[in-house]
Amino acid sequence: MEPTGLHADRYEFWLYRQIRKRLKSGELYLDDSLQHRSLTDELVSLEEKADVLSKMDIPWLRKPIHTQLDTLTSELHTQWLAFNRELSQGKLKHLDYERNGMVRPAPPTSPKRAQ
């Protein structure tokens, strides 16, 4: 059997697929592109960080991290208690509550066939 050589059209197709895949994954980027540019172009330098954060005026950034975490933990605990109460009362029909404490999705119910 003789070597057939390179099929230029197939190679070109493969090459374009590789370029598309690399652009999508971020391995390949274009300097002048808005969609396919390097991650470092999106980041703010450490020297500009404080100035940029102050301009953004995000209230929770002004609070100490421990205060913020305590608030979020308390909020999560309240939501967990409400979820647990509703689940054990059977109000969440899409979930099954087992006495051993396990929660799992309820099996899908099939609509009754009209007779």
Check: In this structure, does residue 22 turn out to be over 22 Å from the mean Cα position of the chain (by Cα), among the charged types (D, E, K, R) and modelled with pLDDT of 85 or more?
Finding: no
Note to self: Any residue in segment 61-76 that is without any contact (Cβ under 8 Å) to a residue 12 or more places away in the chain and at negative phi sitting within a Cβ distance under 9 Å of a residue that is outside any helix (DSSP H, G or I) and not acidic (Asp, Glu)? List the pairs, counting only those 6 or more apart or interchain.
What the structure shows: 71/63
Check: Of all residues in segment 30-65, which are under 30 Å from residue 20 (Cα atoms) and either of a type in the set (S, T, N, Q) or assigned to a helix (DSSP H, G or I) (or both)?
Finding: 33, 35, 38, 39, 40, 41, 45
Checklist line | Answer residue from segment 33-85, given it is in contact with a Lys or Arg (Cβ under 9 Å, 6 or more places away or on another chain) and not hydroxyl-bearing (Ser, Thr, Tyr) and is surrounded by the most Cβ atoms within 10 Å (Cβ to Cβ) among those | finding: 36
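The values are calculated or read from the model by the stated rules, or taken from the named source; none is laboratory data. The structure displayed is predicted, hence computed values, not measured ones. Glycine gets a Cβ as well: all are built from the backbone with ideal geometry, and neighbour counts include every protein chain shown.
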